[in-house]
Amino acid sequence: MRFDGVTVRYPQSSRNAVDDVTLEIAAGSFTVLLGPSGCGKSTLLRTINGLIAPIAGSVYVGGSDVRALDSTLLRRKIGYVIQAVGLFSHMTVAANIAVVPSLLQWDRERIRWRVDELLQLVRLDPQRYRARYPRELSGGEQQRVGVARAIAAEPSVLLMDEPFGAVDAIVRRSLQDETRRIVQALRTTVVFVTHDVDEALRLADTIVVMREGRVVQSASPLAVLTKPALPYVAELLDSHDVIRRLDLMRVREAMQPIAGPETEVIDADASLRESLNRFLTGPEHLAVVRDGQRLGSIGFEDVRRALRR
Amino acid sequence: MTYFLGHLPELGSQTVTHLALVFTALAIALAVAFPLGTFAARRPRSAPAVFGTLGVVYAVPSLALLAILVQYIGLGFWPVIIVLAAYAQFILVRNIAAGLRTVPDAAIDAAKGLGMSPLQRFWRVEVPLATPVILGGIRLATVALIAIATLGGYVGAGGLGQHIFFGLQRQYIAETLAGSIPAALLAILADGVFRGLERLAVRRITG
């Protein structure tokens, strides 16, 4: 997927909502568009499935210019999850999930089988949930159905627009973990919009930081944390406490008590921020030591997991 | 009462004619009102013009409109149908437009994003979600049309109005009542049936 000089301006607006964005998104990657509200991240997302047309530049999905494709057909191949969920309240859970398969005219048996499979995948008991209506579900359950509906026809691309913004923190966390698990299994390319730094760090392979319609940094979570491209990026992250938390947490709290093949060492009482700096410039894993004794090993994944707690 | 019982078979067939007038007109009115209501809902700026025009039609006394139509197309079934259909427009269009506007933006965004064509989105998402409000319009229109269809008695279209018309002419109150009481009962019955449907539709959508 590729953005080439994409510019969007809404009618009656004096500035560009998305301003000359050029960006490549690797197939199979989990990319998070991060920034404050009004920075153009949702707008950029919606150019991918043609819900918004750029006034300049092109968006390419799977090598073809979105403008040249039939947008109705394109959208059936691109999963779409929104914050407001948008389940159809006059349809059962099963019928909601079956929307895209029915549009694609799958046969009845295959659809029924797929609906049950998807409900299991998002951890809702098919027996109990199939025939329910959206109003009978909690917010978290509704969004599970929203995710199931979006991936029903195995899209190669999944767009998620602040999907977990309206559910409480505990539910959000489990939805995040499950989303990550599901898309990893499916090898789907995910583009995920959020203003929540923790969420971005937890999910992303690549974080694209946006401000006023422009991309200011596109890099791995590690690089965004340790080498912010602009003071703005540092502020954005800092205001969400992540750096401070990294400063406060010790390596020994995040390490794995296993002996790896690492040759470089870090002190068990060093901060996680220090370990991040080391990862960026050197090895992927470090041996954790105290008083010359080897206690275990730590990698970037462990730092991430610690932030998740 | 004796008059009523003595004319029972005739009243039965007139009730059927009456309902045929109402529902034929309603079907035609709906076929016109759907596109108009959708247009008004999609282009809010055009709505005042649409409602204004239909409001004028609605304001013309139905008997006057009928008299004018009879001058041009003669007596019988069709002038009554046209009056009824025209009169129903205002109510139907207003409710269809209002109903479509109650459809949540999120549902429309999701329908588009999932790859429904505009027609699929309209029939599978927008209309079902607008159904309670649209049914409310159909209920009001039906009740009004049952009353107005009594005018059919004046122009040879038949229906329950025939008894009312002849009864008035002959100042024979029993005959008038034999037409007007069933007409009133029909209107009350239709109101109840549509209210029930509305409640079902609302429950289906909002619980």
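The values are calculated or read from the model by the stated rules, or taken from the named source; none is laboratory data. Keep in mind that this is a model prediction, so the values were computed, not measured. All Cβ positions, glycine included, derive from the backbone under ideal geometry; neighbour counts span all protein chains shown. The protein model used for the area step is the full one, side chains on, heavy atoms only, and it has no ligands, DNA or RNA in it. Shrake-Rupley method; radii C 1.70, N 1.55, O 1.52, S 1.80 Å.
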What list of ³J(HN,Hα) values in whole Hz, one per residue of the range A:145-153 in order, does the Karplus curve 6.51 cos²θ - 1.76 cosθ + 1.60 (θ = phi - 60°) give from phi, with Gly and Pro shown as x?
-> 5, x, 5, 4, 4, 5, 9, 4, 9
For chain B, how big is the tail of P(r) above 30 Å, as a whole percent of Cα pairs?
-> 32
Please name whichever of A:V208, A:A229, B:P9 sits farthest to the positive end of the charge dipole of the protein assembly as shown, dipole taken about the Cα centre and charges placed at Cβ: Lys and Arg +1, Asp and Glu -1.
-> B:P9
Average accessible surface area per residue within the protein assembly as shown, 1.4 Å rolling probe, Å² = 46
List for the range A:45-80: residues with 50 Å² or greater reduction in accessible area, all protein chains versus chain alone, probe 1.4 Å?
-> A:R75, A:Y80
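Take peptide A:142-152, look around each residue's Cβ out to 10 angstrom, count Cβ atoms belonging to other protein chains, and average those counts.
Mean shielding by partner chains, rounded to a whole number: 1.
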Kirkwood-based Rg over Rh for the range B:119-169 (C-alpha set), two decimals?
-> 1.34
Using the Cα centre as the reference, give the magnitude of the dipole from point charges on the C-beta atoms of the protein assembly as shown (Lys, Arg: +1; Asp, Glu: -1; all else neutral), rounded to the nearest 20 debye.
-> 840
Amide H neighbours of A:L295 at under 5 Å, excluding residues fewer than 5 places away on the same chain, with H built from the backbone geometry, are A:V288, A:V289, A:R290
Straight-line reach from A:K227: which lysines have Cα under 22 Å away, leaving out those fewer than 8 places along the same chain?
-> A:K41
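A:L73 to A:R110: FRET efficiency via 1/(1 + (r/R0)^6), r the Cβ-Cβ distance, R0 22 Å, to the nearest 0.05?
Values: r = 20 Å, r/R0 = 0.89.
Computed FRET efficiency for A:L73 and A:R110: 0.65.
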For the range A:173-309, what log10 I(q)/I(0) values come out of the Debye formula at q = 0.14, 0.21 1/Å, with one point per alpha carbon and no solvent?
-> -0.68, -1.27
Against the rule of thumb 2.2 N^0.38 Å, how large the Cα Rg of the protein assembly as shown comes out = 1.38
How big is the equivalent ellipsoid of the range B:91-202 along its three axes, where each semi-axis is √(5λ) from the Cα gyration tensor, reported in whole Å from largest to smallest?
-> 42, 13, 9
Once you charge only the Cβ atoms, +1 for Lys and Arg and -1 for Asp and Glu, what is the size of the charge dipole of the range B:91-203 about its Cα centre, to the nearest 20 debye?
-> 180
Could you state the per residue volume, in Å³, of the convex hull enclosing the Cα atoms of the range B:73-150?
-> 90
What are the ³J(HN,Hα) values, in whole Hz, obtained from phi via the Karplus relation 6.51 cos²θ - 1.76 cosθ + 1.60 with θ = phi - 60°, for each residue of the range B:49-62 in sequence order, with x given for Gly and Pro?
-> 5, 4, 5, x, 4, 5, x, 5, 4, 5, 7, 5, x, 5
Where Rh is the Kirkwood radius over Cα pairs, Rg/Rh for chain A = 1.01
Chain pair A, B: how much accessible area is buried, both chains summed, with a 1.4 Å probe, in Å² to 100?
-> 1800
List, in order, the whole-Hz ³J(HN,Hα) value for each residue of the range A:225-230 obtained from phi through the Karplus relation with A = 6.51, B = -1.76, C = 1.60 and θ = phi - 60°; use x for Gly and Pro.
-> 5, 9, 10, x, 5, 9
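Over the Cα atoms of the range A:6-138, Rg to Rh with Kirkwood Rh, two decimal places?
1.03
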Measure off, as a whole percent, the carbon and sulfur share of the 1.4 Å-probe accessible area of the range B:1-45, all protein chains present.
-> 73
For the range A:1-70, just run the numbers: alpha carbon Rg, then divide by 2.2 N^0.38 Å, N being how many residues it has.
-> 1.06
Where the Cα atoms of the range A:208-254 are projected onto their three principal axes, how long is each span, largest first, in whole Å?
-> 40, 19, 12
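Within a 10 angstrom radius of each residue's Cβ in B:74-86, how many Cβ atoms of other chains show up on average? Whole number is fine.
Neighbouring Cβ atoms belonging to other protein chains average 0 per residue here.
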To the nearest 10 degrees, the tilt of helix B:127-148 (Cα long axis) against the first principal axis of the alpha carbons of chain B is 20
Partner shielding of A:95-104, as the mean number of partner chain Cβ atoms within 10 Å, equals 2
Excluding residues fewer than 8 places away in the same chain, name every one of the aspartates and glutamates whose C-alpha is closer than 14 Å to that of B:K112.
-> A:D70, B:E126
Across 5 Å bins beginning at 0, the whole-percent shares of Cα-Cα pair distances in the range A:229-309 come to 3, 17, 26, 24, 15, 8, 5, 2, 0
